[in-house]
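Chemist: Submitted below is the structure of interest, expressed as structure tokens.
The values are calculated or read from the model by the stated rules, or taken from the named source; none is laboratory data. Since this is a predicted model, take the numbers as computed values, not measurements. Every residue, glycine as well, gets a Cβ built from its backbone with ideal geometry; the counts of neighbours run over all protein chains shown. Accessible surface is based on the protein model in full, side chains and every heavy atom, while ligands, DNA and RNA are left aside. Shrake-Rupley method; radii C 1.70, N 1.55, O 1.52, S 1.80 Å.
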Amino acid sequence: MDQKMFCFQCEQTAGCSGCTGKAGVCGKSADTANLQDQLTSALIGLAKATYNNVKTEKTDKLILEGLFTTVTNVSFNDETLKLLIDRVNQEKREIAPGCVSCPSPCANGDQYSMDQIWSADEDIRSLKSLILFGIRGMAAYAYHAMVLGYTDPEVNQFFYKALFALGENWGMEQLLPVVMETGAVNLKCMELLDKANTETFGTPAPVQVPLTVEKGPFIVITGHDLYDLKLLLEQTEGKGINIYTHGEMLPAHAYPQLKKYSHLKGNFGTAWQNQQKEFANLPAPILFTTNCLMPVKESYKDRVFTTEVVSYPEMVHIGENKDFTPVIEKALELGGYKQDTVFTGINGGNTVTTGFGHGTVLSVAGQVVEAVKAGAIRHFFLVGGCDGARPGRNYYTEFVKQTPADTVILTLACGKYRFNDLDLGEIGGLPRLMDMGQCNDAYSAIKVAIALAEAFQCDVNELPLSMVLSWYEQKAVCILLTLLHLGIKNIRLGPTLPAFVSPNVLNFLVENYGISPITTPKEDLKAILGE
């Protein structure tokens, strides 16, 4: 009998309701989806086992790895999922050995079934989905910080609390506080990762990044893990191989300890969902470090390498030893382009800029405040989030193009590839378009908003600041929950609203936070600016 699946954790879900057939729109098979559900069930069981038993650092790492693995576009490999499930179950047996032979079985020893969530009352399902998808996104951030040696006991402990809540038969009044706490803890998690990145790689500074690929051997590195990039740069130094970032790795160019490597040359490609076209016949290997992997096409499957939790059948995986020799050898074998090759962004631009994190923006906060007081800057727009392939994504390009010349656009995450090659000019010596970094650098946007509110002695919601966000997967969910935790209101969200948010939960968000779906750029701009 053919396997069936249920998955609605990302924006591209079939029919805006859920992928339920033999495969998801993302390319994940029903077998893979069901194994990821089994992994989540095992993680819930592990969390419950720690209720009366002592966990270890190994348990913490396994919780993060397991949750991260279930983020959209991370793993398509059934075999690695099975191995991870076995590791989780083995960890449960080690920390709670008595559960196996206990004569009085309890709920803490049961294997939880995810069908209990997917078939629950729609409001319960909605709140549990917000918690589950939120901690999946947050686990990715906590994992990146952990790799750099930074952990937070409060953040780690919350994963257990949230997983425990998922396995309980709780009502809305018990689940809603956990939803909001997910946003609160994710703020601490993003702060932790920001600290890990800046203390390890330095404070980001603005930089213009070329999109031209120079002749000769090169490697494209994609994902989010800056430490993997550092190791790759170290291992390729002096070997005549250039390194190009892709997707969410673009902000790496802004960090002093990374851009000091002269062979970190530029950025290749546009949005992550264009990779199947842009990687076709690429004369270079591609290293995937985190999510954003799409099903690999025949035209470039011999050039794809994975590391960390990313896994795809038959692809060469770089293990914990982080020996990138196979990637390096493939780069030398393929040889790269015979001459410098010019590429452009989606709108035809030849360069993109990045590096406007909170360290940079707050260093000129006085200049920004004066520009607002003088009327040179009328409004700030934060236009960012995850990108995707669904029709309607051009909304964000058109929105940015239509913003008045006396407004500033802050952006972050991969949604910026829709417009980050546009030249929007300057205001008082400041660029109108400022890329603040990766999705987790929403922390920078929050820091800037709070600082501006303090400077103007007002509430954040009273600032001339509007958030127009795109969502695709679970990292966007935890960031949205963080914004709600901070009380930030009147967020415009699109291109569709999440399928897992029930009508009652949506009404709650609309009534309490003013969240609204995007309409058209012209209409939304008129409403925001009061025109």
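Chemist: Determine, from the Cβ-Cβ distance of residue 280 and residue 325 and an R0 of 25 Å, the FRET efficiency 1/(1 + (r/R0)^6), rounded to the nearest 0.05.
Modeler: So the FRET efficiency works out to roughly 0.50.
Chemist: How much length is gained on full extension from residue 523 to residue 339, taking 0.36 nm per residue of separation minus their Cα-Cα distance?
Modeler: Roughly 61.6 nm would be gained on extension.
Chemist: Going through the stretch 20-87, which trypsin sites (Lys or Arg not before Pro) have at most 14 other Cβ atoms within 10 Å and a DSSP loop state? Before the final figure, lay out each step's value.
Modeler: Working: sites: 22, 28, 48, 55, 58, 61, 82, 87; in loops: 22, 28, 55.
Qualifying residues, ordered by number: 22.
Chemist: What is the percent carbon and sulfur in the accessible area of the chain, measuring with a 1.4 Å probe over the protein chains and ignoring ligands?
Modeler: C and S fraction of accessible area: 50 percent.
Chemist: State the antiparallel share, in %, of DSSP beta bridges confined to the stretch 373-522, rounding to the nearest 5. Display every interim value, and only then the final one.
Modeler: Numbers: 2 of 20 bridges.
If we restrict to bridges inside the stretch 373-522, about 10 percent are antiparallel.
Chemist: Then there is this: How would the stretch 136-229 be classified by its alpha-carbon gyration tensor: rounded, prolate or oblate, with rounded meaning a/c under 1.5 and the a/b versus b/c comparison settling the rest?
Modeler: Prolate, since a/c reaches 1.5 and a/b exceeds b/c.
Chemist: Find how many whole Å separate the alpha carbon centroid of the stretch 191-229 from the alpha carbon centroid of the stretch 461-531.
Modeler: 29
Chemist: Follow-up question, since we're still on this one. At what distance in angstrom do the alpha carbon centres of the stretch 251-292 and the stretch 319-346 lie from each other?
Modeler: So the separation of the two Cα centres works out to 10 Å.
Chemist: Between residue 406 and residue 173, what length in nm is gained on full extension when 0.36 nm per residue of separation is reduced by their alpha carbon distance?
Modeler: 79.4 nm
Chemist: For residue 87, what is the net charge nearby, where nearby means another residue's Cβ is under 14 Å from its Cβ and Lys, Arg count +1, Asp, Glu -1? Provide the component values of the computation, followed by the final result.
Modeler: Details: positive: 58, 61, 82, 92, 93; negative: 60, 65, 79, 86, 91, 94, 320.
Result for the neighbourhood of residue 87: -2.
Chemist: Let me ask something additional. Can you work out the PRE-style zone for residue 454? Point 7 Å along Cα to Cβ, and I want the residues of the stretch 355-399 with backbone N under 17 Å.
Modeler: 358-370
Chemist: Rounded to the nearest 20 Debye, what is the dipole magnitude of the chain about its Cα centre when Lys and Arg each give +1 and Asp and Glu each give -1 at the C-beta?
Modeler: Here the size comes out at about 580 debye.
Chemist: How much FRET efficiency would the formula 1/(1 + (r/R0)^6) give for residue 351 and residue 94, where r is the Cβ-Cβ distance and R0 is 51 Å, rounded to 0.05?
Modeler: 0.45
Chemist: Something else now. Give the relative contact order (percent, whole number) for the chain; include only Cα pairs under 8 Å separated by 6+ residues.
Modeler: 17
Chemist: From Cα pairs below 8 angstrom and at least 6 apart in sequence, can you work out the relative contact order of the stretch 263-398, rounded to a whole percent?
Modeler: 21
Chemist: List the chymotrypsin sites (Phe, Trp or Tyr not before Pro) within the stretch 333-398 that fall in a DSSP loop (any state other than H, G, I, E or B) and whose Cβ has at most 16 other Cβ atoms within 10 Å.
Modeler: Qualifying residues, ordered by number: 343.
Chemist: Please go through the stretch 454-517 and write out the trypsin sites (Lys or Arg not before Pro) that DSSP classes as loop and that have at most 16 other C-beta atoms within 10 Å.
Modeler: Qualifying residues, ordered by number: 489.
Chemist: What is the magnitude of the charge dipole of the stretch 16-98 about its Cα centre, with +1 placed on the Cβ of each Lys and Arg, -1 on the Cβ of each Asp and Glu, and no other charges, expressed in debye to the nearest 20?
Modeler: Roughly 140 debye for the stretch 16-98.
Chemist: Among (1) 1.21; (2) 0.95; (3) 1.27, only one was calculated for this model; which label is it, if the read-out is Cα Rg over 2.2 N^0.38 Å?
Modeler: Checked against the structure: label (2).
Chemist: Cα-based count: Lys pairs in the stretch 1-72 below 20 Å, eight or more positions apart or different chains? Numbers along the way, then the final one.
Modeler: Values: 4/22; 4/28; 48/58; 48/61.
Qualifying lysine pairs in the stretch 1-72: 4.
Chemist: By the gyration tensor of its Cα atoms, with a ≥ b ≥ c the square roots of the eigenvalues, what is the shape of the stretch 1-86: rounded for a/c under 1.5, prolate for a/b over b/c, or oblate?
Modeler: prolate
Chemist: Using 0.36 nm per residue, how much length does the chain from residue 374 to residue 115 gain when fully extended, once their Cα-Cα distance is taken away?
Modeler: 87.5 nm
Chemist: How much accessible area per residue does the chain have, counting only protein heavy atoms and a probe of 1.4 Å, in square angstrom?
Modeler: Per-residue value: 38 Å².
Chemist: I want to check the label-to-label distance for residue 317 and residue 430. Put each point 7 Å from Cα in the C-beta direction and report it in nm to one decimal.
Modeler: Inter-label distance under the simple model: 4.6 nm.
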